[in-house]
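First the structure, in the form of C-alpha cells, and then the observations on it.
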Amino acid sequence: MTSQTITAAAAGTWTLGDLEVNRIGFGAMRLTQQGPAFDPRAQPSDRGRAIGVLRRAVELGVNHIDTAAFYFSPLRSANELINRALAPYSDDLVIVTKVGPARSPSGEWTDHAVTPQELRAQVEENLRQLGRDHLDVVNLRIVGTGSLAERFGALAELREAGLIRHLGISNVGLEHLAEAQAIAPVVCVQNPYGIGAPPEQEAVLRACGEQGIAFVPFYAIAGAGRENGAGAGGGESEEVLAVARAHGASPAQIRLAWTLHRGPHILPIPGTGNPDHLEANVAAGALRLTADELALLDGSSG
C-alpha cells in the first residue's frame, strides 16, 4: 500500500489523561544504534538520520513519543536526540518517559530494585535530557514481582509536586493495575502485546478498555516470542502473509493494523531508525481489516 499522504490521524485519536494523541505513536528505543536495542556489539546510529526520522514522524502527525533516559548507546541518547530534533516542543506533542530499570554509564543493567530516591533522580535526569520543566507522562516499569506501592507512591508525590503530569505503569499484570489505581490515577498501561499474545495480556487490555485507560503495546510488530527489540525478523505466519497479500501491505503493517483493531484505546508505539519503515508504520493506521481477516489473524500463533 502507498504511504505518501497518510498521516497518523488516519488511525483516530485517544487520550492520555487530558492529553489527546493520534493512536499511532513512535517508540525511541531503537534510535540510538543499529540492530537490536541494548546490544553492546551494535553500531551506533547515524545521528543525522535519527534526527531526521524524529522530525519526519512529527510531520506525519505523530504526537506521542515514548522514550526513557536508559535508552542510550555509547554515542547516542534517545532523549538527547529528541531534544535536538524537536525542541522547542509543540504544544500538542506528548512525550512519555519510563523509569524503574537502571543502567550504569557503561550500559550494564543493575539488578536491584530502585529506591524512591533513585526514581526521583531518574525523573530529574529525563527532565534534564529533554529540556523540560515537567514530564507529560511517566511510566513505572516493573521488573520482577512484588508490590509497586512504594515506588508508585514516590512518583505520585512527584506528580503532586508538579514534576509529572500523568502516571502510567509498564510490564504489569492486573494486580499491579489495581494496586496502582488505589494510589493515583493511571492513564496508560504499557505491556508487550501483538498477534499471539497470551491470555493474561488480553485480560489487561480488556481491563484497560473497561476503565478508559490507554493500552500501549510494545513489540506489536515483533509479535509474541520475539520480544528482543529487533523488530519483526524471522519467518512470518501464513495467516499474516495471506492478509498482507490481500492488502498489498507488509506483514509489519498487518500486525500493526490488527493491534489497532483490538480496541479504540490501543496506542501502538512502533519504533524504527529507518525513514521508510516510519512511513509504512504510520500508513498502517489507514488499513481496515475485515471480520474474516481478523478471525484468521486471531488464530495465528504470531
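The values are calculated or read from the model by the stated rules, or taken from the named source; none is laboratory data. Since the structure is predicted, the reported quantities are computational estimates derived from the model, not experimental observations. Note that we place each Cβ from the backbone using ideal geometry, even for glycine, and neighbour counts take in every protein chain shown.
The conditions are (1) more than 20 Å from the chain's Cα centre (by Cα); (2) over 18 Å from Asn191 (Cβ atoms); (3) touching a residue at least 12 places away in the same chain (Cβ under 8 Å), and Arg151 fails exactly one of them. Which is it?
(2)
Would you check which residues across the stretch 197-214 are modelled with pLDDT under 95 and part of a loop (DSSP other than H, G, I, E, B) and list them?
Ala197, Pro198
From the list Ile82, Ile24, Ile65, which residue is surrounded by 23 or more Cβ atoms within 10 Å (Cβ to Cβ), part of a loop (DSSP other than H, G, I, E, B) and not acidic (Asp, Glu)?
Ile24
Looking for whichever is within 14 Å of Thr272 (Cα to Cα) and at pLDDT 95 or above here; the options are Ile24, Ile95. Which one fits? Show your work before the answer.
Working: Ile95 fails: within 14 Å of Thr272 (Cα to Cα).
Checking each option against the conditions leaves just Ile24.
Condition first: more than 22 Å from Ser170 (Cβ to Cβ), in contact (Cβ under 8 Å) with a residue 40 or more places away in the chain and not in a loop (DSSP other than H, G, I, E, B). Now tell me which residues in the stretch 241-276 satisfy that.
Correct list: Ala242, Val243, Ala246, His247, Gln253, Ile254, Pro275.
(1) more than 18 Å from the chain's Cα centre (by Cα); (2) under 26 Å from Val189 (Cβ atoms): which one isn't true of Asn63, the others all being true?
(1)
Please verify whether the stretch 287-297 includes one or more residues that are in contact (Cβ under 8 Å) with a residue 12 or more places away in the chain, crowded, with 21+ Cβ neighbours inside 10 Å and assigned to a loop (DSSP other than H, G, I, E, B).
Yes, the stretch 287-297 contains at least one residue that is in contact (Cβ under 8 Å) with a residue 12 or more places away in the chain, crowded, with 21+ Cβ neighbours inside 10 Å and assigned to a loop (DSSP other than H, G, I, E, B).
With more than 19 Å from Ala8 (Cβ to Cβ) and either among the polar types (S, T, N, Q) or touching a helix residue (DSSP H, G or I) at 6+ places or on another chain (Cβ under 6 Å) (or both) as the only criterion, which of Leu75, Leu81, Leu60, Leu31 stands out?
Exactly one of Leu75, Leu81, Leu60, Leu31 is more than 19 Å from Ala8 (Cβ to Cβ) and either among the polar types (S, T, N, Q) or touching a helix residue (DSSP H, G or I) at 6+ places or on another chain (Cβ under 6 Å) (or both), namely Leu81.
Can you pull out every residue in the stretch 56-71 that is touching a residue at least 12 places away in the same chain (Cβ under 8 Å) and more than 13 Å from Glu125 (Cα to Cα)?
Across the stretch 56-71, the qualifying residues are Arg56, Ala57, Val58, Leu60, Gly61, Val62, Asn63, His64, Ile65, Asp66.
Condition first: at pLDDT 95 or above, out of contact with any Pro (no Cβ under 8 Å at 6 or more places or on another chain) and assigned to a loop (DSSP other than H, G, I, E, B). Can you find one or more residues in the stretch 225-240 that meet it?
No, there is no match, as no residue in the stretch 225-240 is at pLDDT 95 or above, out of contact with any Pro (no Cβ under 8 Å at 6 or more places or on another chain) and assigned to a loop (DSSP other than H, G, I, E, B).
Can you spot a residue in the stretch 32-52 that is outside any helix (DSSP H, G or I) and at pLDDT 95 or above?
no
Can you tell me which residue is surrounded by the fewest Cβ atoms within 10 Å (Cβ to Cβ) among those in the stretch 102-161 that are in a loop (DSSP other than H, G, I, E, B) and of a type in the set (Val, Ile, Thr)? So that I can check it myself, show each step before the final result.
Kept after step one, since they are in a loop (DSSP other than H, G, I, E, B), are these residues of the stretch 102-161: 102, 104-108, 110-115, 131-134, 142-148, 161.
Okay, now just the ones that are also of a type in the set (Val, Ile, Thr), so 110, 114-115, 142-143, 145.
Values: Thr110: 12, Val114: 19, Thr115: 12, Ile142: 21, Val143: 16, Thr145: 8.
Applying the filter and picking the extreme gives Thr145.
Is it true that some residue in the stretch 180-196 is in contact with a strand residue (DSSP E or B) (Cβ under 8 Å, 6 or more places away or on another chain), closer than 24 Å to Glu239 by Cβ, assigned to a loop (DSSP other than H, G, I, E, B) and in contact (Cβ under 8 Å) with a residue 60 or more places away in the chain?
Among the residues of the stretch 180-196, at least one is in contact with a strand residue (DSSP E or B) (Cβ under 8 Å, 6 or more places away or on another chain), closer than 24 Å to Glu239 by Cβ, assigned to a loop (DSSP other than H, G, I, E, B) and in contact (Cβ under 8 Å) with a residue 60 or more places away in the chain, which makes the answer yes.
Kindly indicate which of Val143, Val137 is within 24 Å of Ala28 (Cβ to Cβ) and either in contact with a strand residue (DSSP E or B) (Cβ under 7 Å, 6 or more places away or on another chain) or among the aromatic types (Phe, Trp, Tyr) (or both).
Val137
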